[in-house]
Structures are given as structure tokens and as C-alpha cells.
1. Provide Rg and Dmax in Å for the stretch B:79-203, with only Cα atoms included in the calculation.
2. Relative contact order of chain A, please, whole-number percent, based on alpha carbon pairs below 8 angstrom and at least 6 residues apart.
3. For B:Ala224, what is the net charge nearby, where nearby means another residue's Cβ is under 12 Å from its Cβ and Lys, Arg count +1, Asp, Glu -1?
4. Out of every Cα pair in the protein assembly as shown, what percent are spaced more than 35 Å from each other?
5. Return the long-range amide H neighbours of B:Gly305 (sequence gap of 5 or more, or a different chain), with a cut-off of under 5 Å between placed amide H atoms.
6. Which of the aspartates and glutamates could a cross-linker bridge to B:Lys302, judged by Cα under 14 Å and excluding same-chain residues fewer than eight apart?
7. Using each residue's phi in the stretch A:96-101, evaluate 6.51 cos²θ - 1.76 cosθ + 1.60 at θ = phi - 60° and report the 3J(HN,Hα) Karplus result to the nearest Hz, with x for Gly and Pro.
8. Which of the lysines could a cross-linker span from A:Lys6 if the Cα-Cα distance has to be under 26 Å and same-chain partners fewer than 8 positions apart are dropped?
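None of the figures in this text is laboratory data; all of them are computed from the coordinates on show. On a predicted model such as this, the values are computed, not experimentally measured, just so you know. Because the Cβ atoms are built from the backbone with ideal geometry, glycine has one as well, and the counts that use them run over all protein chains shown.
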Amino acid sequence: MENASKSIVEIRQLTKSYRRGGQVVPVLTNISFDIMPGDFIALMGPSGSGKSTLLNLIAGIDKPDGGSLKVNGIDIAALPEAELADWRAANVGFIFQFYNLMPVLTAFENVELPLLLTTLSRDQRQERVELALSMVGLTDRMTHYPSELSGGQQQRVAIARAFITDPLILVADEPTGDLDRASADDILAMLVRLNSEMGKTIIMVTHDPHAAKSAHSIRHLEKGELDVMPQR
Amino acid sequence: MRYGAIAVQMHFLKLISRNSLRHKLRTGLTVLGLVVAILAFGLLRTVVDAWYAGAENASSTRLVTRSSISLVFPLPINYQERIRKIPGVSAISHANWFGGVYITEKNFFPQFAVDEKTYFDLYPEYLIPPSEMKAFRTDRKGCVIGRKLAETYGFKVGDTIPLRGTIYPGAWAFTVRAIYDGAEAGTDTSQLFFHWSYLNETLRKAVARRSDYVGVYVIQISDADRAAEISTEIDALFGNSLAETLTETEKAFQLGFVAMTEAIVVAIRIVSFVVIFIILAVMANTMAMTARERISEYATLKALGFGPRFLAGLIYGESLSIALAGAVIGILLTFPVAHAFSKQVGTLFPVFGVSLETVFMQVSAAIAVGFIAAVMPALRASQVSIVEGLRHIG
């Protein structure tokens, strides 16, 4: 077992299964591992291996069947739905494969969205959003709607939305899966910067070995079981 | 309140308004459907109101005495003085339904032969200039007409109105001596009144056995609370006679007419609600499609920490804003359309106006449609699993 006392994510004997057509299909079996603060982990594996399920469990948008899952000491599996929503708002930044921006909101408004759940004033929100968008190089695109942005630009807006609340962890599910190579490299460089310069803990699911190389370590999931492939 | 800050509420409203206009064609067609439905609902309710207008505007201190067998059987004129002597009766007059035809049957308007000396004293809501009233009373072939009737056919004081008698056969002609206005919006100003004495004299010469009879007595009482008691006394006075009477309040008398055509009123009422039910189905379908397409967005909002109430609020807000947009346009159109309808049907509906109650019902119907249409989509959105929702392709 890794140094659990300092870990930001502590997973023990985690199991998860789905019911399909009356049959119980195990997805994760007795997974145990820790993620340290400032880690950048890539979860890899074939389709159906359970990597997205593991990511969803860590992000608190799905519940395990067994085992324990603590993030920063909080057993999130035990939290009721309303508390879990509050916990997610405060502690998790999401980056999705298809960006999942609100099409009726501008880049500025999309990034501002998570801040509506905080007690920040309008001026404070504006200051933060402008800073976040400048960090992802989209100062000149604040008033643009997602449909007016390229895929890479949309994903940069999504990244700004993910770190705007200064969350404990960033979870990224195939963040480069819908992008061309140049845009993908751009996004990966941004994630590396968030990790190295801002100290963000990042857990990224990817199929792409090139993308996985950006991470500190790669965790390989196969048939619901985990092995470790350290990068550096 | 978590979303209580004004800025956050502004974002909430911004999301609702932008989502409402996301599919402009779909929203436009739904609003159009709502406009038609709310307009149709308002018109049908106004028709129902017009049906009851006579009863609604009836005085509580006026009684009507008619033959207990049927309205078509007249009562002797000599009943008048006997009724007048009953305690509580402060005035009495009489009238006969004339039923004449002006040029063709479709030009319908009510005509009454009335006691020119007393009738209008019982109807203070008919406002007649004293000089015109004097002119009417002194011309035995004169008539008083209402403002709506005058405007419908362009009659002026001094014009002659030819009528073809049906109940009282022959060619009749009356000179307009006075035009009355209504004291209230609901006062019927589509009627024509002429001298009962002229009718009676003519009958006496042509069909003597039909003379000296009246259709109804109109009785003014001093105390509305004694209406039932006085009615009973009047009817008892003529019990076991050849022409027994039935006395009732003016409202009950008018409602008797409505009851004769109640099936039509019920049908109109049902149709008015069917219209609302149809638009409810259309609206519910629109909202269901809308919510289905946005499942992944709702899942994203949930992942970001927004609760089920916020998501439900977005759907209820969008549904209600579309419904109210349709309602506002529909209500605004109801007034000119009702006016045009009233012009088209002429004097068929003496009182035809969109009431405040109808507008209230239109607004209520729109709110109900907006609310009910959002129930299932809102429930679905608030219960959506984030994982399932994120996989959903809208």
C-alpha cells in the first residue's frame, strides 16, 4: 500500500457492478490505490475496462457497491445526494470529452457557472473568470458562444470552468478524444501547467498513449483490475 | 437561500429566456398554438357569458309574472290592478313579445309592446333623454330603440322601421322617437319598444278575442328579500283561475330562457376546455422533447453541483414563460376578435364583451398548461443519473 496518510484520494477494496439485461456485470473488483496531492495520473485500458467508472466514482457522480473511497479524508460514498452535490461543487473540476458547455451561455458565462454556487460577489466572480480565461488564452473570446468556438477553444473554456473554483482534484474523461493532434497537444500542455504550476491533482482517463505520456504515472485497468506503470 | 442572490437569479432567468428561444421555430409554433387556444377559449367563454348576460344584469327587485302553462299563453290585462294592490308591490307594468321580422329573419332583434306610460319607470338602466321620451309617449306609432340596435342598422330618430308580424300578422311600421343608452356596460341596448296600446287597438279591430291580453307583467317590489313571499302571493291570487300565473324573479325568468338552450351552452363549455386540453398535450410534447434533448446538459449541471430543484426550476420556468407568452398575445387578440365577432353576429348577443373573469380564466388556463406540461420533464431532469445523462446524446 502507498503512503495513505498523505494521499488525497484513498481507495480501498472498491467494487462496482452494473445490471444489464437482468445480469450483474462486475466492472471494478477490489480496487485499492492512493493518489497523492499534486499527482497527475492517467487511467488507461480497453473499452469496458472500468476506467471511466473509476473516474466517476472518484468524482462523486457515481456510487460504489462496496469498499471505501475517501477524498481528502471524506468518505464520499457515504455522503447523501445533496451533500455530495455540494462536495462536488467545492472539490471537483470536470473536463469532459465533448466539453459539455451550455450552448446558450457565452464562454464567460460558462466559466462563471460553478461560481454561482459560491458566495462570491459579482465583481469577484468577474475578476476570477477573466483571469481563468486569460490563463487558457481566451481573453478575446469571452463573449463567444460555444458554437462560435473551435473544439480546442471549447475544451479550453471547459478547463477554465473546471479550475475556476480552485478544486482539490480535476477529473478529465478523454479530454483530447474529440480533438485533432495540435489542439490535443495544446490541451495536454495546459493540463501539465495546471499540475506543475498550480499544483492541481489531475486524474485523466484516456485511450491515447501519447496523451497518457503527459501524466506522472499511468494506471492500467483491465477487466476491472489495476496495475501501475510509473512514468517519471 | 442558496440561489437567492439577485445576480444568481438573473443567471437563472437568463438561462430560461435563452433556452426558450433556442429552437425558435418550435417555440414559435408552440406559442402560436397557445395563442389560438387561449383566443378560442376566451371567445367561447365570452359566448357563454353572453348567454347569461340577461340573467346577470337582471334586477333583484323586479319580478316577472307569466302564464303558469307557458310563456306563449297571455294573461288578462285586468290582472294588473289586482297585482298592484298586493303589499310590497311598488309599481307594475306589462309587455308583449312581438317577434316581428325586419326585412329577413336573420336580422333578429327583440321587440316588445310595452305600456308606454309605466314600463320605463321600472327600467332606470335605460337612459332616454326626456325630450325623446316625451316624443315617444305622444306618438302611438313611435318606438324606442337601443343604441346597439341603432348602430347595427343605422337607425336614427325619425326613421321608420318596417316589421313583418309573425305572432301578430301584418305589416307594421314604427317611427324611431327615442334612442336609449345603457346605464351599465351589461345593459341590453339591442331592443325595440313600442306602444302596447297601439298593438291592443289594432288587435281589437282585427282579432278582438286576442285583445286586452299581455305577455308578462313586470313588477317592482320595494324589498328584494320579500321576492319569494310576494311571488307566492301573486300566484295564489290567480290560483284555480283560467289563467294561472307563475311569478319569479327577473333573474330566474331569464335563466329559464338559458335553460331552454342549456345543451348548447354545455357543449360550448366542453369545447372550450377541450381546446385547452389539446394545447396542454401539444405543450407537454414540446417540453418533453426539450427536456429529452438536454439530458446531458442537466447531467452536467448536476455534476457541477446544481441541485434537482434548480433543474426543475429551469424547465418549469421555460414552460411557464412559453405558456404566458402565448397567453398574453392570445388575450390581447381576444378583445378585437370578440369585437369583430360581435359586429358579425349583430344583435344576436345583446351584450357581448370580454369580462375580467374571462381574462382571469385565460391566464389561469395558460399557467395550468405551462405548469402541468413541465411536471414530467422536470421530474425526469431532476432524477436523471449524472453518469447516464452524460452518456446521453441529445
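1. When restricted to Cα atoms, the stretch B:79-203 yields Rg and Dmax of 14.5, 45 Å.
2. Result for chain A is 28 percent.
3. Here the charged neighbours net out to -1.
4. Result for the distance tail: 59 percent.
5. Here the answer is none, since no amide H 5 or more places off falls under 5 Å of that of B:Gly305.
6. A:Asp62, A:Glu81, A:Glu83, A:Asp86, B:Glu388
7. 9, 4, 9, 6, 6, 8
8. A:Lys16, A:Lys51, A:Lys63, A:Lys70, A:Lys200, A:Lys213
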